[in-house]
Amino acid sequence: MTDNGFYEGVIIAGFGGQGIILAGRLLAQTAMRAGKEVTYMPAYGAEVRGGTSNCTVVISEEPIASPVISKPNSLIIMNKASLEKFAPRLKKSGLLIYNSSLIDEAPDLDKKIDILAIPVDDIAVELGSQRSANMVAVGAYLKKRKLFDVNAAVSCLSDVLAERYHKTIPVNTKALLAGYEFE
């Protein structure tokens, strides 16, 4: 929160090919549809698939001066290398959601940080699509932050997925709901 209203800076990070950029686009689109001010900034290595990938999403009630955030409110982390890189930057009262399918040990962070270990890869495989792990993570984030209803994100899937991938909307919907319902 800022003095003028709501502010949320999120970094989503992992390997190229894990759907990091798509997860950020979905979060940004969901926030825009809800009438929020949004910036979205993807970053990925030259290798893309298998290289590093991250994106920053800033959501606010007020105009956003910069898409760059040095201390994110929330992190959605899909692999260990990204955890090591971004966890030290997380605000002391922030939220960390990490993929416990690939990260076997919880990071040693400030006790005020809300940490959710969720086996997003395992859940996605159970749903029949490993590639929907990113959606599981976004669903978990939506539940923890309570910013937007998961159905708002579901309704944005057709906006962020290329038309040739619209056939994946049912499994991505299941993945968002599975992440949202994770306890």
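General remarks:
- Taking the conditions (1) under 16 Å from MET78 (Cβ atoms); (2) touching a Lys or Arg at 6+ places or on another chain (Cβ under 8 Å) in turn, ASP121 satisfies each one other than (2).
- Criterion (in contact with a helix residue (DSSP H, G or I) (Cβ under 7 Å, 6 or more places away or on another chain) and of a type outside the set (S, T, N, Q)) met by exactly one of ALA178, ALA162, ALA117: ALA178
Residue by residue, here is whether (1) of a type in the set (S, T, N, Q); (2) at pLDDT 95 or above; (3) within 18 Å of ASN99 (Cβ to Cβ) holds:
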| site | (1), (2), (3) |
| --- | --- |
| VAL138 | no, yes, yes |
| VAL150 | no, yes, no |
| SER158 | yes, yes, no |
| LEU176 | no, yes, yes |
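- Selection count where residues are under 21 Å from GLY14 (Cα atoms), without any contact (Cβ under 8 Å) to a residue 40 or more places away in the chain and of a type in the set (A, V, I, L, M, F, W, C), scope the stretch 50-76: 1
- Where a residue in the stretch 120-147 is under 20 Å from GLU8 (Cα atoms) and its partner, wherever it lies, is of a type in the set (D, E, K, R), with Cβ under 8 Å and at least six apart: GLY139/GLU181; LEU142/ASP149; LYS143/GLU181; LYS144/ASP114; ARG145/GLU8; LEU147/GLU8
- Counting only residues that are over 16 Å from MET32 (Cα atoms), in contact with a strand residue (DSSP E or B) (Cβ under 7 Å, 6 or more places away or on another chain) and of a type outside the set (Ser, Thr, Tyr), the stretch 139-169 holds 3 of them.
- Of the residues in the stretch 10-32, at least one is at pLDDT 95 or above, over 14 Å from the mean Cα position of the chain (by Cα) and either surrounded by fewer than 17 Cβ atoms within 10 Å (Cβ to Cβ) or among the β-branched types (Val, Ile, Thr) (or both).
- Within the stretch 165-180, residues that are under 7 Å from GLY139 (Cβ atoms) reach partners that are of a type in the set (Lys, Arg) and modelled with pLDDT of 95 or more with beta carbons closer than 7 Å, at six or more positions or on different chains, in the pairs TYR180/LYS143.
- Residue list for the stretch 143-183, restricted to those being in a loop (DSSP other than H, G, I, E, B) and more than 19 Å from LEU116 (Cα to Cα): LEU161, ALA162
- Identity of the residue in the stretch 93-110, hydroxyl-bearing (Ser, Thr, Tyr) and surrounded by 14 or more Cβ atoms within 10 Å (Cβ to Cβ), that ends up nearest to ALA124 (Cα to Cα): SER101
- Count of residues meeting criterion [over 16 Å from ALA137 (Cα atoms) and either under 18 Å from the mean Cα position of the chain (by Cα) or among the aliphatic types (A, V, I, L, M) (or both)] in the stretch 108-121: 2
The values are calculated or read from the model by the stated rules, or taken from the named source; none is laboratory data. Bear in mind the structure is a predicted one, so any value in this text is a computation, not a measurement. Neighbour counts run over all protein chains shown; Cβ positions are idealised from the backbone, glycine included.
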